[in-house]
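*Asks:* If you scroll down you'll find the structure; I have some questions about it.
Please treat every number below as a calculation from the coordinates, not as lab data. A quick note: this is a predicted structure, and the numbers were derived from the prediction, not measured. For neighbour counting, all protein chains shown are included, and Cβ atoms are generated from backbone atoms with ideal geometry for every residue, glycine included.
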Amino acid sequence: MSEKMKNLAVRTLSGIVLAAIMLGAVCWSQWSFGALLLVILLCGMHEFYTLAAARGAQPQRLIGMLTGVILFAANFAVVSETVFDLFSANLIPMLGFGLLLLFLVFIRELFREGSDPMANIGATLTGVAYVALPVSLMCYIPMQGEESWSPAIMLLFIFIIWANDVFAYLVGMAFGRHRLCERLSPKKSWEGFFGGLAGAVVMGLVGARVLDGSYAAWVGLALVAAVTGVLGDLTESMFKRSAGVKDSGRLIPGHGGVLDRFDAMLVAAPFVLVYMLFVM
């Protein structure tokens with residue numbers, strides 16, 4: 001077997017395993033879904049801070065990741081009745097502690113020598129905003145339009161992102177001629193972009209059919225997810241090019257790191273959530 005075929009086999013197998021873990025975690029329970037998001041948050045922030053370090057910054061990993069975990073825990077507690085009952089009395093103090101940690105980022109830089117404080121603070125806070133915040137907001141997506149937690153909407157959000165990626169790749173490979181953003185991602189094309197939109201719209205129509213929802217609303221959601229998902233891909237490409245690396249990590253064989261697999265969802269999730277709140 002050639003090296004190319006081996007890489008394809010590894011990529012396919014790891015992709016199947018990753019998909020099974022993701023879908024299983026979403027469907028199994030709210031706790032398994034929360035555990036999945038927490039793993040994405042921790043691994044994603046670690047990879048981002050590694051990219052920042054490769055660029056010369058010295059992010060405050062511990063403070064940044066602890067702030068991200070507190071932000072996630074507070075939002076997960078809001079949507080989980082069990083967690084809320086356990087920690088409702090401590091929810092405000094917990095958020096206050098997380099806010100203090102953000103200011104501690106500035107204070108700690110006063111005592112670090114031989115570094116660029118603006119770059120360090122910027123990298124630390126960007127990790128929270130780029131990874132922890134959107135992962136925390138994903139807690140609310142399965143709650144939209146339902147009285148209690150339901151995995152169906154989250155599954156369809158994932159499928160829309162996947163459909164966009166798959167159709168963009170296939171159409172781009174077959175018909176791609178005009179570069180979308182050659183500076184950041186030379187392989188992306190406008191043809192692939194519109195192919196991805198078409199795939200996402202098809203999945204949105206499936207979502208409307210399955211959930212007996214408005215076709216127009218679900219098509220709109222699919223378009224929002226697809227467009228912002230592409231922007232998420234380009235955002236991560238921007239970070240990787242700045243750091244001079246091909247992949248954000250090596251956790252997923254054949255795919256790279258967690259950010260390489262979830263970059264589209266990180267940027268799409270806040271926009272999709274806002275769309276759901278005001279339209280659906």
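*Asks:* For the pair SER14 and LEU205, how long in nm is the line joining their label points, each one 7 Å along Cα→Cβ?
*Replies:* It is 3.5 nm.
*Asks:* Follow-up question, since we're still on this one. Order by neighbour count: ILE153, ILE63, fewest other Cβ atoms within 10 Å first, most last. Write down the numbers at each step before the final one.
*Replies:* Values: ILE153 22, ILE63 17.
The order, fewest Cβ neighbours first, is ILE63, ILE153.
*Asks:* Evaluate the Debye formula for the stretch 101-260 with equal point scatterers sitting on the alpha carbons, no solvent, and hand back log10 of I(q)/I(0) at q = 0.15 Å⁻¹, in q order, two decimals.
*Replies:* -0.95
*Asks:* Considering amide H positions built from the backbone, and no H for Pro or chain starts, which residues 5 or more places from SER185, or on another chain, come under 5 Å of its amide H?
*Replies:* So SER185 has HN proximity to no qualifying residue.
*Asks:* For the stretch 222-280 and the stretch 145-209, what is the centre-to-centre distance using only Cα atoms, to the nearest Å?
*Replies:* For the stretch 222-280 versus the stretch 145-209, the Cα centre distance is 12 Å.
*Asks:* Stretched out fully, how many nm does the piece from MET280 to LEU66 gain, at 0.36 nm a residue minus the Cα gap? All intermediate terms of the calculation are to be shown ahead of the outcome.
*Replies:* Numbers: separation 214, 0.36 × 214 = 77.04 nm, distance 3.35 nm.
Extending this stretch completely gives an extra 73.7 nm.
*Asks:* Ranking LEU266, LEU66, LEU37 by Cβ neighbours within 10 Å, fewest first, what do you get?
*Replies:* LEU66, LEU37, LEU266
*Asks:* Rg(Cα) of the chain divided by 2.2 N^0.38 Å? Intermediate results must be reported in sequence, preceding the final value.
*Replies:* Values: Rg = 19.5 Å, N = 280, 2.2 N^0.38 = 18.7 Å.
Normalised Rg, Cα atoms only: 1.04.
*Asks:* Using θ = phi - 60° and the Karplus relation 6.51 cos²θ - 1.76 cosθ + 1.60, list the HN-Hα couplings for the stretch 168-183 in order, rounded to whole Hz, with x at every Gly or Pro.
*Replies:* Rounded to whole hertz, the list is 5, 5, 5, 5, x, 5, 7, 10, x, 10, 9, 5, 7, 8, 4, 4.
*Asks:* Right, another one. Whole-Hz ³J(HN,Hα) for each residue in the stretch 151-163, computed from phi via Karplus 6.51 cos²θ - 1.76 cosθ + 1.60 with θ = phi - 60°, x for glycine and proline: what do you get?
*Replies:* Per-residue couplings from phi come out as x, 4, 5, 5, 4, 5, 4, 4, 5, 5, 4, 5, 4 Hz.
*Asks:* Counting each DSSP H run of 4 or more residues in the chain as -39500 (n - 2.57), what helix-only mean residue ellipticity at 222 nm follows after dividing by all residues, to the nearest 500 deg cm²/dmol?
*Replies:* -25500 deg cm²/dmol
*Asks:* Could I ask something else about it? Could you derive backbone 3J(HN,Hα) for the stretch 17-23 from the dihedral phi with the Karplus parameters 6.51, -1.76 and 1.60 (θ = phi - 60°), listing whole Hz in sequence and x where the residue is Gly or Pro?
*Replies:* Karplus values, whole Hz, x for Gly and Pro: 4, 4, 4, 5, 5, 4, 5.
*Asks:* Would you grab the residues whose amide H sits under 5 Å from the one on ASP247? Only those 5+ places off in sequence or on another chain, please, with H modelled 1.01 Å from N.
*Replies:* none
*Asks:* For the chain, how many pairs of lysine residues have a Cα-Cα distance under 16 Å, where the two are 8 or more positions apart or belong to different chains? Walk me through the numbers before you get to the answer.
*Replies:* Numbers: LYS187/LYS240; LYS187/LYS246; LYS188/LYS240; LYS188/LYS246.
Pairs that pass both the separation and distance tests number 4.
*Asks:* Let me ask something else. If we count every other residue with Cβ under 12 angstrom of GLY122's Cβ, Lys/Arg +1 and Asp/Glu -1, where does the sum land? Numbers along the way, then the final one.
*Replies:* On the way: positive: ARG55; negative: GLU109, ASP116.
Combined, the nearby Lys, Arg, Asp and Glu give -1.
*Asks:* Count the net charge of all other residues whose Cβ sits under 13 Å from the Cβ of MET203, scoring Lys and Arg as +1 and Asp and Glu as -1.
*Replies:* Numbers: positive: ARG209; negative: ASP165.
Local charge sum for MET203: 0.
*Asks:* Among ARG11, ARG261, which comes first, then next, by fewest other beta-carbon atoms within 10 Å? List each step's numbers first, then the result.
*Replies:* On the way: ARG11 14, ARG261 23.
Final ranking by Cβ density, sparse to dense: ARG11, ARG261.
*Asks:* Same structure, new question: Given the Cα-Cα distance of LEU100 and SER150 and 0.36 nm per residue of separation, how much length would full extension add, in nm?
*Replies:* On the way: separation 50, 0.36 × 50 = 18.00 nm, distance 3.37 nm.
Taking LEU100 through SER150 to full extension adds about 14.6 nm, to one decimal.
*Asks:* Sticking with this structure for a sec: I want the local charge near GLU191. Using Cβ-Cβ distances under 13 Å, sum +1 for each Lys or Arg and -1 for each Asp or Glu among the other residues.
*Replies:* Working: positive: ARG177, ARG179, LYS187, LYS188; negative: none.
Once all neighbours under 13 Å are counted, the net charge is +4.
*Asks:* Among 235-242, 154-161, how do they line up by average Cβ neighbours within 10 Å per residue, starting with the highest? Provide the component values of the computation, followed by the final result.
*Replies:* Values: 235-242: 18.4, 154-161: 22.6.
Going by the mean number of other Cβ atoms within 10 Å, highest first, we get 154-161, 235-242.
*Asks:* Pop a pseudo-label 7 angstrom from the Cα along the beta-carbon direction at both ALA198 and VAL39 and give the gap in nm to one decimal.
*Replies:* In this crude label model, ALA198 to VAL39 measures out at 3.5 nm.
*Asks:* Taking 0.36 nm per residue of sequence separation and subtracting the Cα-Cα distance, how much length would be gained by fully extending the chain between SER242 and ALA53, in nm to one decimal?
*Replies:* On the way: separation 189, 0.36 × 189 = 68.04 nm, distance 1.09 nm.
Stretched fully, the SER242-ALA53 segment lengthens by 66.9 nm.
*Asks:* Using label points projected 7 Å from each Cα along Cα→Cβ, tell me how many nm separate SER29 and ASP212, to one decimal.
*Replies:* So the label points at SER29 and ASP212 sit 2.9 nm apart.
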